[in-house]
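The values are calculated or read from the model by the stated rules, or taken from the named source; none is laboratory data. Note that this is a predicted model, so its numbers are computed, not measured. Neighbour counts are summed over all protein chains in view; Cβ atoms, including those assigned to glycine, are modelled from backbone coordinates with ideal geometry. Ligands, DNA and RNA are stripped out before the accessible areas are found, and what is left, the full protein with its side chains, is counted by its heavy atoms. Shrake-Rupley method; radii C 1.70, N 1.55, O 1.52, S 1.80 Å.
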Amino acid sequence: MAALNQVAPILERRCRGLRNRPLRWDLSRVSSIDSAGIILLKHYLDQLQAQGCKVEIVGASPAQQRLYQMVASYAMASPETREEHRSRFLRPFTRLGESAVAFLRDINAFLSFVGENFVVLMLLLLQPWKFRYRATIRNIQDAGVGALPIVTLTSFLIGVVIAYQGAVQLQKFGANIFVVDMIAISVTRELAPLITAIVVAGRTGSSYTAQIGVMKITQEIDAMRIMGFEPHRFLVLPRVVAVMIALPLMIFFADIIGILGGMLVANVHLNISFTEFIHRLQNVLEVKHVWIGIAKGPFFAWLIAMTGCFRGFQVSRNTESIGRYTTISVVNAIFLVIACDALFSVLLTELGI
């Protein structure tokens, strides 16, 4: 260390005034050098190259060359800030480009994650006795039964709001009974699946990200891999299957609660009796609307569970990233659910269903 302290000031003085010239750095008389000396050498080589000098290293032994290559491979290159990037007019375009590159990387990583999960699923289909049934049942209880109170409340309020807003407009034309049509079709076909999926995305999707993220921070996932356990089989598949089973059942439950909320408002605000409401409901509500809403459940569930698990595996080794990726997980899951619902609406409309 004393030798480095003596050499560093000399190198600093020699390298400071050298600009735009070819140089030869001779190491033939250096008998031994450790990693600290190599780091010092690399620091001044980078400084000379930044000053426009072309440096040629001669006389280095094979051991010194291998040590330099190893240090150079682990050294972090300092980001270069171009002059045009400092312009406040070009800065938004720079950020836009960086966001686009990060978005494409996320898509590539997500597709790789989905592909790996698909391979594990195919292997499990050949060996079904290796599937974690108990973990799946436990996740069904957490994602389904545990979410029933909040799903009940939101579905009831959605039914109340739809019925009340529709009643205000239909009263003007004396068409009070048509509020049943609006409640029945809108709740079963669109609102119940969408609202239930959003609730599950905020509640279950975020919990999956946090759970897997904590396991990654505590190195439990690394320990699983070392012990020969596949994380996708133990952590991802039980959660995905559980949500895909639980969400369609929750949507059917939300249909019932939403219609009950609308029935209550129709009785109080429009004086439509429960018997009259049910009779009209049987005439206007086709079974296909209920099945369309329930059929959306597995697709929404797959998007929510895969997004939550994917973001959980992206958590780095600090607690701050858990909050960041949990927030990203919820936002991504809600966006994907809404986009998928819009795709279903366009597709079913074009097919006349």
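When the residues ILE322, ILE33, ILE183 are ordered by accessible surface, computed with a 1.4 Å probe over the protein chains alone, the sequence from largest down reads ILE33, ILE322, ILE183.
Taking a Cβ cut-off of under 10 Å around LYS54, the surrounding Lys, Arg, Asp and Glu residues balance to a net charge of +1, with basic ones at +1 and acidic ones at -1.
Using the Cβ-Cβ distance between GLU286 and GLN165 with R0 set to 25 Å, the FRET efficiency from 1/(1 + (r/R0)^6) comes to roughly 0.60.
Placing ASP106, ASP255 in order of accessible area, with the largest value first and a 1.4 Å probe, yields ASP106, ASP255. In this structure, LEU264 and ARG134 have a Cβ-Cβ separation that, at R0 = 30 Å, corresponds to a calculated FRET efficiency of about 0.15. Projecting the Cα atoms of PHE274, HIS232, ILE198 onto the charge dipole of region 176-328, computed from C-beta unit charges around the Cα centre, puts HIS232 farthest toward the positive end. In this Cβ point-charge picture (+1 for Lys and Arg, -1 for Asp and Glu), region 104-237 has a dipole of about 200 debye about its Cα centre. Sticking with the crude label model, points 7 Å out along Cα→Cβ, report the distance from PHE118 to ALA295 in nm, one decimal please. The answer from the label model is 2.2 nm. Assign one of three labels to region 236-353, namely rounded, prolate or oblate, based on the Cα gyration tensor with a ≥ b ≥ c the square roots of its eigenvalues; rounded applies when a/c is under 1.5, prolate when it is not and a/b is larger than b/c, and oblate otherwise. Prolate shape, in that a/c is at least 1.5 and a/b is the bigger ratio. Report, to the nearest whole %, how much of the accessible area of region 182-259 belongs to carbon and sulfur atoms, 1.4 Å probe, protein only. Looking at region 182-259 in its full context, I get 73 percent from C and S. For region 149-280, the relative contact order is 52 percent, taking Cα pairs closer than 8 Å that sit 6 or more residues apart in sequence and dividing their mean separation by the residue count. For region 242-296, the normalised intensity computed at q = 0.26 Å⁻¹ comes to -1.02 (log10 of I(q)/I(0), Debye sum over alpha carbons, equal scatterers, no solvent).
Computed with a 1.4 Å probe over protein heavy atoms only, the accessible surface of region 203-353 comes to 48 Å² per residue.
Which helices pass in the chain if a helix is a full DSSP H run, must span at least 27 angstrom along its long axis by Cα, and must have mean Kyte-Doolittle hydropathy not below 1.0?
Once both thresholds are applied, what remains is 91-126, 148-170, 237-270, 319-351.
Here each label is just a point 7 Å from Cα along the line to Cβ, and for ALA72 and SER273 those points are 9.1 nm apart.
Roughly how big is the chain's charge dipole about its Cα centre, with Cβ charges of +1 (Lys, Arg) and -1 (Asp, Glu), in debye to the nearest 20?
Approximately 1280 debye in magnitude.
Distance between Cα centroids, region 1-74 to region 286-353: provide it in whole Å. Using only Cα atoms, the two centres lie 54 Å from each other. Answer with one residue from TRP25, MET306, PHE113: the one whose Cα lies farthest towards the positive end of the charge dipole of the chain, charges on Cβ with Lys, Arg +1 and Asp, Glu -1. Result: TRP25. Given the options ILE221, ASN176, ALA72, identify the residue whose Cα lies farthest towards the positive end of the charge dipole of the chain (+1 on Cβ of Lys, Arg; -1 on Cβ of Asp, Glu). Most positive-ward Cα: ALA72. Taking the square roots of 5 times each eigenvalue of the Cα gyration tensor of the chain, largest first, gives ellipsoid semi-axes of 63, 25, 16 Å.
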